[in-house]
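A short write-up of the structure that comes next.
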Amino acid sequence: SLPSEPSTSLPATSLPVSSGSGGDGQFLQLGQKGVGLMNLVQQNFWVPEQQKALERRGQDSPAYLWPYGSYLEALAAVCKANPADQSVRQNYMEALAGVENYNTRREAPGLSYAAAFGGGGDVYYDDNMWIAIAYLKAYNNLKDPAYLAKSRQVAAYCYSGWDDVQGGGIYWCENQKTSKNTCSNAPMAMVSADLFAA
């Protein structure tokens, strides 16, 4: 279990939400619970000098790409809620740079990331789709076109997993061409539409 006393290094904030009847300015407080949770995650799972997240608290094992993508999702939400906070922005950019710890270093197709820290082992199309989504969110949050370019490159890799077997679609894992799941096609549909819009 995590310590019960979170620090408050991230700012408490509020976001406007619609009441469903024309919007009367009600606010949903993200406040101390969300801030405290994110601080606990960073204090217990993030190693800034190595730009890595841990798979388990108290152990030196780096996170797999899937949970790392979840960490990026949380940081994207914090950054979106606090666009002017430079410490939040810096934390977010460091975590985005940490994705490169999973880079397969292949020439083509596109840009791909392995499930394991160091870039070796299995490469999952669905994990990479969530990284494409993370880069697109980074582009929207930080307005840096380099993240849009990376999102497109990762999407190009994901499309390399497509064939017409079973009526089309993208496989789940690069080296296990046995299933085409919702988790490896729905996120690609989503990021494709968002990339088109961008």
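The values are calculated or read from the model by the stated rules, or taken from the named source; none is laboratory data. Computed from a prediction, not measured in an experiment: that's the story for all the values here. FYI the Cβ positions are ideal-geometry reconstructions off the backbone, even for glycines, and counts take in every protein chain you see. Surface accessibility is based on the protein's heavy atoms, side chains included, excluding ligands, DNA and RNA. Shrake-Rupley method; radii C 1.70, N 1.55, O 1.52, S 1.80 Å.
May I ask which residue of 160, 116, 136 lies farthest towards the positive end of the charge dipole of segment 115-161, with charges of +1 (Lys, Arg) and -1 (Asp, Glu) on Cβ and the Cα centre as origin?
136
Measure off 7 Å from each Cα along the Cα-to-Cβ vector at residue 160 and residue 175, then give the distance between these two points in nanometres to one decimal.
1.5
For residue 68, what is the net charge nearby, where nearby means another residue's Cβ is under 13 Å from its Cβ and Lys, Arg count +1, Asp, Glu -1?
-4
What's the ranking of 66-78, 156-168, 182-194 by average number of surrounding C-beta atoms within 10 Å, highest first?
66-78, 182-194, 156-168
If Lys and Arg each add +1 and Asp and Glu each add -1, what is the summed charge of the other residues whose beta carbon sits under 12 Å from the beta carbon of residue 151?
Values: positive: 137, 150, 152; negative: 144, 194.
Net local charge, residue 151 excluded: +1.
Place a +1 charge on the Cβ of each Lys and Arg in segment 95-188 and a -1 charge on the Cβ of each Asp and Glu, then give the dipole magnitude about the Cα centre in debye, rounded to the nearest 20. Could you put the intermediate results ahead of the total?
Numbers: 8 positive and 9 negative charges, 49 e Å.
It comes to approximately 240 debye.
Checking the cross-link filter: which aspartates and glutamates have an alpha carbon closer than 12 Å to that of residue 52, excluding same-chain neighbours under 8 positions apart?
Cross-link targets: 60, 94, 100.
Lysines near residue 80 by alpha-carbon distance under 16 Å, same-chain residues fewer than 8 away left out - which ones?
Of all the lysines, those that pass the test against residue 80 - Cα under 16 Å, at least 8 places apart if same chain - are 137, 143.
5 Å is the cut-off here: which amide hydrogens, built 1.01 Å from N in the peptide plane, fall below it relative to residue 52, excluding neighbours closer than 5 in sequence?
For residue 52, whose amide H was placed from the backbone, the distant partners under 5 Å are 47.
Once the whole set of protein chains is in place, how much accessible area is left on residue 143, using a 1.4 Å probe, in Å² to the nearest 10?
Solvent-accessible area, nearest 10 Å²: 140 Å².
If r is the Cβ-Cβ distance from residue 116 to residue 196 and R0 is 25 Å, what FRET efficiency results, to the nearest 0.05?
Values: r = 32 Å, r/R0 = 1.26.
Between residue 116 and residue 196 the formula returns 0.20.
If I take R0 = 45 Å and measure r between the Cβ atoms of residue 183 and residue 86 in this structure, what FRET efficiency does the formula 1/(1 + (r/R0)^6) give, to the nearest 0.05?
That gives a FRET efficiency of 0.80.
How much length is gained if the chain between residue 49 and residue 105 is pulled fully straight, taking 0.36 nm per residue apart and subtracting their Cα-Cα distance, in nm to one decimal? Kindly include the intermediate steps, with their values, before the conclusion.
Values: separation 56, 0.36 × 56 = 20.16 nm, distance 2.19 nm.
The residue 49-residue 105 span can extend by a further 18.0 nm.
Give the relative contact order (percent, whole number) for segment 72-194; include only Cα pairs under 8 Å separated by 6+ residues. Before the final figure, lay out the partial values.
Numbers: 178 pairs, mean separation 25.6, N = 123.
Across segment 72-194, relative contact order equals 21 percent.
Sum up the charges of everything whose Cβ sits under 14 Å from the Cβ of residue 129, counting Lys and Arg as +1 and Asp and Glu as -1, but leave residue 129 out.
Result for the neighbourhood of residue 129: -1.
What shape does segment 42-117 have by the C-alpha gyration tensor, where a ≥ b ≥ c are the square roots of the eigenvalues, rounded means a/c under 1.5, and otherwise prolate means a/b greater than b/c and oblate the rest?
Because a/c hits 1.5 or more and a/b fails to exceed b/c, segment 42-117 counts as oblate.
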